[in-house]
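Scroll down for the structure; my scribbles are underneath it.
The values are calculated or read from the model by the stated rules, or taken from the named source; none is laboratory data. Everything quoted here is computed from the prediction, not taken from an experiment. Glycine gets a Cβ as well: all are built from the backbone with ideal geometry, and neighbour counts include every protein chain shown.
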(Lines give C-alpha, C1' and ligand atoms only; values in the text may rest on other atoms or scores of the structure.)
Protein backbone atom coordinates (compact mmCIF):
# COMPACT_ATOMS: atom_id res chain seq x y z
CA UNK A 1 0.00 0.00 0.00
CA UNK A 2 2.84 2.32 0.90
CA UNK A 3 4.51 1.68 -2.45
CA UNK A 4 1.26 2.47 -4.33
CA UNK A 5 0.90 5.81 -2.52
CA UNK A 6 4.55 6.58 -3.18
CA UNK A 7 4.13 5.91 -6.90
CA UNK A 8 1.10 8.20 -6.98
CA UNK A 9 3.04 11.02 -5.34
CA UNK A 10 5.86 10.54 -7.79
CA UNK A 11 3.43 10.67 -10.70
CA UNK A 12 1.70 13.92 -9.61
CA UNK A 13 4.53 16.37 -10.42
CA UNK A 14 4.71 15.01 -13.96
CA UNK A 15 0.99 15.55 -14.55
CA UNK A 16 0.73 19.12 -13.21
CA UNK A 17 2.47 20.89 -16.15
CA UNK A 18 0.18 19.13 -18.62
CA UNK A 19 -2.88 20.17 -16.64
CA UNK A 20 -1.60 23.75 -16.51
CA UNK A 21 -1.06 23.80 -20.26
CA UNK A 22 -4.55 22.46 -20.91
CA UNK A 23 -5.99 25.07 -18.56
CA UNK A 24 -4.12 27.92 -20.29
CA UNK A 25 -5.22 26.66 -23.71
CA UNK A 26 -8.83 26.56 -22.53
CA UNK A 27 -8.59 30.13 -21.19
CA UNK A 28 -7.02 31.38 -24.43
CA UNK A 29 -9.76 29.71 -26.43
CA UNK A 30 -12.45 31.26 -24.23
CA UNK A 31 -10.90 34.73 -24.41
CA UNK A 32 -10.58 34.45 -28.20
CA UNK A 33 -14.33 33.81 -28.38
CA UNK A 34 -14.99 37.06 -26.52
CA UNK A 35 -12.59 39.27 -28.50
CA UNK A 36 -14.45 41.82 -30.61
CA UNK A 37 -13.55 41.10 -34.28
CA UNK A 38 -13.55 44.83 -35.07
CA UNK A 39 -11.40 46.19 -32.23
CA UNK A 40 -9.48 42.97 -31.51
CA UNK A 41 -9.92 43.73 -27.80
CA UNK A 42 -12.16 42.43 -25.05
CA UNK A 43 -15.36 44.51 -25.11
CA UNK A 44 -16.43 46.56 -22.10
CA UNK A 45 -19.99 46.75 -23.43
CA UNK A 46 -20.47 43.51 -25.37
CA UNK A 47 -23.52 43.03 -27.55
CA UNK A 48 -24.77 40.19 -29.71
CA UNK A 49 -25.47 41.19 -33.30
CA UNK A 50 -27.87 39.46 -35.69
CA UNK A 51 -24.99 37.62 -37.36
CA UNK A 52 -24.55 35.63 -34.13
CA UNK A 53 -21.22 37.23 -33.12
CA UNK A 54 -20.29 39.40 -30.14
CA UNK A 55 -18.98 42.95 -30.59
CA UNK A 56 -18.11 46.11 -28.70
CA UNK A 57 -21.32 48.16 -28.89
CA UNK A 58 -19.70 51.43 -29.99
CA UNK A 59 -17.66 49.69 -32.69
CA UNK A 60 -20.44 47.65 -34.28
CA UNK A 61 -22.74 50.69 -34.09
CA UNK A 62 -20.14 52.75 -35.92
CA UNK A 63 -19.75 49.94 -38.46
CA UNK A 64 -23.51 49.85 -39.14
CA UNK A 65 -23.82 53.65 -39.32
CA UNK A 66 -21.01 53.74 -41.86
CA UNK A 67 -22.67 51.08 -44.02
CA UNK A 68 -25.99 52.87 -44.27
CA UNK A 69 -29.10 50.89 -45.17
CA UNK A 70 -27.41 47.74 -46.49
CA UNK A 71 -25.59 46.44 -43.44
CA UNK A 72 -23.27 43.46 -43.82
CA UNK A 73 -21.65 41.41 -41.10
CA UNK A 74 -18.00 42.28 -40.36
CA UNK A 75 -17.39 38.55 -39.91
CA UNK A 76 -19.25 36.93 -42.80
CA UNK A 77 -19.96 39.85 -45.15
CA UNK A 78 -23.53 38.56 -45.30
CA UNK A 79 -26.52 40.94 -44.93
CA UNK A 80 -27.65 41.37 -41.33
CA UNK A 81 -30.17 43.39 -39.33
CA UNK A 82 -29.39 46.27 -36.99
CA UNK A 83 -30.66 44.82 -33.74
CA UNK A 84 -28.08 44.64 -30.94
CA UNK A 85 -28.73 42.69 -27.76
CA UNK A 86 -26.77 43.47 -24.57
CA UNK A 87 -24.61 40.46 -23.68
CA UNK A 88 -24.79 40.78 -19.90
CA UNK A 89 -23.56 37.27 -19.19
CA UNK A 90 -20.60 37.70 -21.53
CA UNK A 91 -19.58 40.89 -19.72
CA UNK A 92 -19.80 39.08 -16.37
CA UNK A 93 -17.68 36.22 -17.72
CA UNK A 94 -15.06 38.63 -19.08
CA UNK A 95 -14.93 40.42 -15.74
CA UNK A 96 -14.36 37.14 -13.88
CA UNK A 97 -11.66 36.05 -16.30
CA UNK A 98 -9.74 39.32 -16.10
CA UNK A 99 -9.97 39.52 -12.32
CA UNK A 100 -8.80 35.93 -11.98
CA UNK A 101 -5.48 36.87 -13.59
CA UNK A 102 -5.89 34.20 -16.24
CA UNK A 103 -6.08 36.62 -19.19
CA UNK A 104 -2.97 37.77 -21.07
CA UNK A 105 -1.53 40.80 -19.25
CA UNK A 106 -1.64 43.09 -22.32
CA UNK A 107 -5.27 42.23 -23.14
CA UNK A 108 -6.24 42.57 -19.48
CA UNK A 109 -4.51 45.96 -19.19
CA UNK A 110 -6.37 47.30 -22.24
CA UNK A 111 -9.68 46.12 -20.82
CA UNK A 112 -8.98 47.54 -17.36
CA UNK A 113 -7.97 50.91 -18.82
CA UNK A 114 -11.15 51.14 -20.85
CA UNK A 115 -13.31 50.04 -17.92
CA UNK A 116 -11.71 52.82 -15.87
CA UNK A 117 -12.43 55.33 -18.66
CA UNK A 118 -16.05 54.16 -18.87
CA UNK A 119 -16.44 54.50 -15.12
CA UNK A 120 -15.03 58.03 -15.26
CA UNK A 121 -17.45 59.01 -18.04
CA UNK A 122 -20.35 57.46 -16.15
CA UNK A 123 -19.47 59.40 -12.98
CA UNK A 124 -19.15 62.64 -14.97
CA UNK A 125 -22.48 62.03 -16.68
CA UNK A 126 -24.22 61.42 -13.36
CA UNK A 127 -22.81 64.66 -11.97
CA UNK A 128 -23.63 66.58 -15.14
CA UNK A 129 -27.20 65.30 -15.22
CA UNK A 130 -27.51 66.39 -11.59
CA UNK A 131 -26.77 69.98 -12.67
CA UNK A 132 -23.02 70.36 -12.05
CA UNK A 133 -21.75 72.80 -14.73
CA UNK A 134 -18.09 71.87 -14.14
CA UNK A 135 -18.96 68.22 -14.81
CA UNK A 136 -20.93 69.26 -17.93
CA UNK A 137 -17.91 71.10 -19.30
CA UNK A 138 -15.50 68.29 -18.45
CA UNK A 139 -17.85 65.75 -20.05
CA UNK A 140 -17.98 67.89 -23.19
CA UNK A 141 -14.18 67.99 -23.28
CA UNK A 142 -14.06 64.21 -22.83
CA UNK A 143 -16.32 63.63 -25.82
CA UNK A 144 -14.51 66.26 -27.89
CA UNK A 145 -11.05 64.82 -27.27
CA UNK A 146 -11.84 61.13 -27.08
CA UNK A 147 -9.18 59.14 -28.93
CA UNK A 148 -10.34 55.70 -27.86
CA UNK A 149 -10.36 53.53 -30.98
CA UNK A 150 -13.74 52.11 -29.96
CA UNK A 151 -15.46 55.49 -30.14
CA UNK A 152 -13.44 58.39 -31.38
CA UNK A 153 -14.45 62.01 -30.82
CA UNK A 154 -18.18 62.78 -30.70
CA UNK A 155 -18.64 66.47 -31.64
CA UNK A 156 -22.44 66.48 -31.32
CA UNK A 157 -22.34 64.98 -27.81
CA UNK A 158 -19.50 67.34 -26.87
CA UNK A 159 -21.44 70.40 -28.03
CA UNK A 160 -24.57 69.25 -26.18
CA UNK A 161 -22.74 69.27 -22.85
CA UNK A 162 -20.77 72.45 -23.56
CA UNK A 163 -24.04 74.22 -24.38
CA UNK A 164 -25.69 72.97 -21.19
CA UNK A 165 -22.71 74.27 -19.21
CA UNK A 166 -22.94 77.60 -21.06
CA UNK A 167 -26.65 77.84 -20.24
CA UNK A 168 -25.64 77.53 -16.58
CA UNK A 169 -23.30 80.51 -16.97
CA UNK A 170 -20.10 78.42 -17.05
CA UNK A 171 -17.37 80.48 -18.73
CA UNK A 172 -15.53 77.43 -20.09
CA UNK A 173 -18.78 76.06 -21.49
CA UNK A 174 -19.51 79.39 -23.19
CA UNK A 175 -16.07 79.41 -24.81
CA UNK A 176 -16.29 75.84 -26.05
CA UNK A 177 -19.91 76.02 -27.26
CA UNK A 178 -19.18 79.35 -28.90
CA UNK A 179 -16.21 77.86 -30.78
CA UNK A 180 -18.45 75.14 -32.21
CA UNK A 181 -21.07 77.66 -33.35
CA UNK A 182 -18.57 80.10 -34.85
CA UNK A 183 -17.29 77.34 -37.14
CA UNK A 184 -20.86 77.10 -38.49
CA UNK A 185 -21.07 80.91 -38.92
CA UNK A 186 -23.67 81.06 -36.18
CA UNK A 187 -23.93 84.57 -34.69
CA UNK A 188 -24.72 83.14 -31.25
CA UNK A 189 -21.25 81.63 -31.22
CA UNK A 190 -19.59 85.05 -31.36
CA UNK A 191 -21.84 86.28 -28.56
CA UNK A 192 -21.01 83.32 -26.34
CA UNK A 193 -17.29 83.75 -26.98
CA UNK A 194 -17.45 87.47 -26.19
CA UNK A 195 -19.18 86.71 -22.87
CA UNK A 196 -16.61 84.01 -22.12
CA UNK A 197 -13.67 86.28 -22.96
CA UNK A 198 -15.02 89.07 -20.77
CA UNK A 199 -15.60 86.47 -18.05
CA UNK A 200 -11.92 85.49 -18.04
CA UNK A 201 -11.71 82.59 -20.49
CA UNK A 202 -8.17 82.26 -21.83
CA UNK A 203 -9.37 80.21 -24.81
CA UNK A 204 -11.96 82.82 -25.82
CA UNK A 205 -9.53 85.73 -25.42
CA UNK A 206 -6.91 83.91 -27.46
CA UNK A 207 -9.49 83.17 -30.18
CA UNK A 208 -10.39 86.87 -30.47
CA UNK A 209 -6.71 87.74 -30.68
CA UNK A 210 -6.27 85.30 -33.57
CA UNK A 211 -9.38 86.45 -35.40
CA UNK A 212 -8.63 90.18 -35.12
CA UNK A 213 -5.06 89.49 -36.23
CA UNK A 214 -6.30 87.72 -39.38
CA UNK A 215 -9.67 89.45 -39.86
CA UNK A 216 -11.77 86.28 -39.61
CA UNK A 217 -15.42 85.44 -38.88
CA UNK A 218 -16.65 88.89 -39.80
CA UNK A 219 -14.23 90.76 -37.53
CA UNK A 220 -12.10 93.53 -39.05
CA UNK A 221 -8.36 93.04 -39.28
CA UNK A 222 -6.94 95.04 -36.39
CA UNK A 223 -3.50 94.65 -34.86
CA UNK A 224 -4.48 96.88 -31.95
CA UNK A 225 -7.49 94.77 -31.00
CA UNK A 226 -5.47 91.60 -31.50
CA UNK A 227 -2.84 92.92 -29.07
CA UNK A 228 -5.57 93.83 -26.57
CA UNK A 229 -6.82 90.23 -26.44
CA UNK A 230 -3.38 88.62 -26.53
CA UNK A 231 -2.38 90.79 -23.57
CA UNK A 232 -5.50 89.54 -21.74
CA UNK A 233 -4.29 85.98 -22.30
CA UNK A 234 -0.79 86.71 -20.97
CA UNK A 235 -2.08 88.65 -17.95
CA UNK A 236 -4.59 85.93 -17.08
CA UNK A 237 -1.94 83.22 -17.31
CA UNK A 238 0.40 85.21 -15.05
CA UNK A 239 -2.29 85.42 -12.39
CA UNK A 240 -3.12 81.71 -12.63
CA UNK A 241 0.08 79.68 -13.21
CA UNK A 242 -0.11 76.71 -15.59
CA UNK A 243 -3.46 77.79 -17.05
CA UNK A 244 -3.63 77.35 -20.82
CA UNK A 245 0.16 77.31 -21.27
CA UNK A 246 -0.10 76.79 -25.02
CA UNK A 247 -2.39 79.81 -25.47
CA UNK A 248 -0.09 81.93 -23.32
CA UNK A 249 3.04 80.93 -25.24
CA UNK A 250 1.37 81.58 -28.59
CA UNK A 251 -0.11 84.91 -27.43
CA UNK A 252 3.35 86.03 -26.25
CA UNK A 253 4.82 85.13 -29.64
CA UNK A 254 2.09 87.00 -31.54
CA UNK A 255 2.48 90.04 -29.28
CA UNK A 256 6.19 90.18 -30.07
CA UNK A 257 5.45 89.94 -33.80
CA UNK A 258 2.84 92.71 -33.63
CA UNK A 259 5.17 94.93 -31.61
CA UNK A 260 7.91 94.42 -34.20
CA UNK A 261 5.43 95.44 -36.90
CA UNK A 262 4.63 98.62 -34.93
CA UNK A 263 8.34 99.44 -34.60
CA UNK A 264 9.07 98.85 -38.28
CA UNK A 265 6.12 100.96 -39.39
CA UNK A 266 7.19 104.00 -37.27
Qualifying position, being out of contact with any strand residue (DSSP E or B) (no Cβ under 7 Å at 6 or more places or on another chain) and without any contact (Cβ under 8 Å) to a residue 12 or more places away in the chain, among 171, 98, 106: 106
Scope segment 81-109; condition surrounded by fewer than 11 Cβ atoms within 10 Å (Cβ to Cβ), within 26 Å of the chain's Cα centre (by Cα) and outside any helix (DSSP H, G or I); matching residues: 83
Those residues of segment 34-79 which are free of Cβ contacts under 8 Å to residues at least 12 places away in the same chain and outside any loop (DSSP other than H, G, I, E, B), in sequence order: 65, 66, 67, 72, 79
Neighbours by Cβ (under 8 Å, 6+ apart or cross-chain): first from segment 80-95, in contact (Cβ under 8 Å) with a residue 60 or more places away in the chain; second surrounded by 14 or more Cβ atoms within 10 Å (Cβ to Cβ) and not in a helix (DSSP H, G or I): 94/42; 94/43; 94/46
Residue in segment 135-154 that is modelled with the highest pLDDT, counting only those that are out of contact with any helix residue (DSSP H, G or I) (no Cβ under 7 Å at 6 or more places or on another chain) and within 26 Å of residue 184 (Cβ to Cβ): 141
Selection count where residues are part of a loop (DSSP other than H, G, I, E, B) and crowded, with 24+ Cβ neighbours inside 10 Å, scope segment 172-204: 1
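For segment 46-80, which positions are within 20 Å of the chain's Cα centre (by Cα) and surrounded by fewer than 19 Cβ atoms within 10 Å (Cβ to Cβ)? Spell out the reasoning first.
First, the residues of segment 46-80 that are within 20 Å of the chain's Cα centre (by Cα): 46, 55-63, 65-66.
Within segment 46-80, 61, 62, 63, 65, 66 meet the criteria.
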